[in-house]
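The values are calculated or read from the model by the stated rules, or taken from the named source; none is laboratory data. This one's a predicted model, so the numbers in the text were calculated from it and none came from an experiment. Glycine also receives a Cβ, built like all others from the backbone with ideal geometry; neighbour counts cover every protein chain displayed. Remember, those area values only see protein heavy atoms, side chains included, never the ligands or the DNA or RNA. Shrake-Rupley method; radii C 1.70, N 1.55, O 1.52, S 1.80 Å.
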Amino acid sequence: MDHRPAPEFLGTRLRHLLDLVDSGVARVYTDLGLPGFRPRYTPVIRLVHTGGPQSIRDLANTIGVTHSAVSQTVNQMRRDGLVTLEPGDDARQRIVHLTDHARAILPTLDAEWQATTAAARALDAELPYPLADLVAAALDALGERPMHDRIHDHIQTDPSRIPPS
């Protein structure tokens, strides 16, 4: 008998998967002497280190997440002393710069990045489908047709079943 949760719990299960990955990486940062360092900081630091100071929008586009997500991350990184923000050419634009503290921990972050990449590849090899490929395909599919639209196609249109607003 299959004891897997029903597909209706997809969002909850995806959050749990992300929590397992993020908490594991966060524990490694603690082991490496960086308690409180968040896994989502590393892509920003690596991109600014390799590409120089960048706008939040450019970072969001490169990472493949929303402007809001990167803005929130960068603001937390600023509070943690990892980046500074300076105005860009456009008054609405903020340019992310690394602090000396962020540059000082780059060797540790590089070692963690390489180990995490190797661990993710090993995990992919254990799965029936590589998780990295599946996530990319799911993101592409939802980019083409958002979940809202997909759900909407399956909502019962019987007015008696829709609660009053």
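A few points about this structure:
- Filtered residues of region 72-88 (kept if farther than 14 Å from V48 by Cα, in contact with a strand residue (DSSP E or B) (Cβ under 9 Å, 6 or more places away or on another chain) and open to solvent by 40 Å² or more (accessible area, probe 1.4 Å)): P87
Yes/no matrix, rows are residues, columns are (1) at pLDDT 95 or above; (2) of a type in the set (D, E, K, R); (3) part of a helix (DSSP H, G or I):
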{"residue": "A69", "(1), (2), (3)": "yes, no, yes"}
{"residue": "Q76", "(1), (2), (3)": "yes, no, yes"}
{"residue": "P107", "(1), (2), (3)": "yes, no, yes"}
{"residue": "A137", "(1), (2), (3)": "no, no, yes"}
{"residue": "H148", "(1), (2), (3)": "no, no, yes"}
{"residue": "T157", "(1), (2), (3)": "no, no, no"}
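- For region 54-62, the criterion of a residue being in a helix (DSSP H, G or I), open to solvent by less than 80 Å² (accessible area, probe 1.4 Å), among the hydroxyl-bearing types (S, T, Y) and at pLDDT 95 or above is satisfied by no position.
- Hits in region 45-86 (condition: of a type in the set (G, A, S) and within 18 Å of A102 (Cα to Cα)): G51, G52, S55, S71, G81
- Taken over region 98-109, the criterion of being touching a helix residue (DSSP H, G or I) at 6+ places or on another chain (Cβ under 8 Å) and without any contact (Cβ under 8 Å) to a residue 60 or more places away in the chain is satisfied by L98, A102, R103.
- Residues of region 40-53 that turn out to be free of Cβ contacts under 8 Å to residues at least 24 places away in the same chain and open to solvent by less than 30 Å² (accessible area, probe 1.4 Å), as a count: 1
- For region 91-133, the set of residues classified as open to solvent by 60 Å² or more (accessible area, probe 1.4 Å) and farther than 28 Å from L17 by Cβ consists of A91, R92, Q93, R94, D100, H101, R103, A104, P107, listed by residue number.
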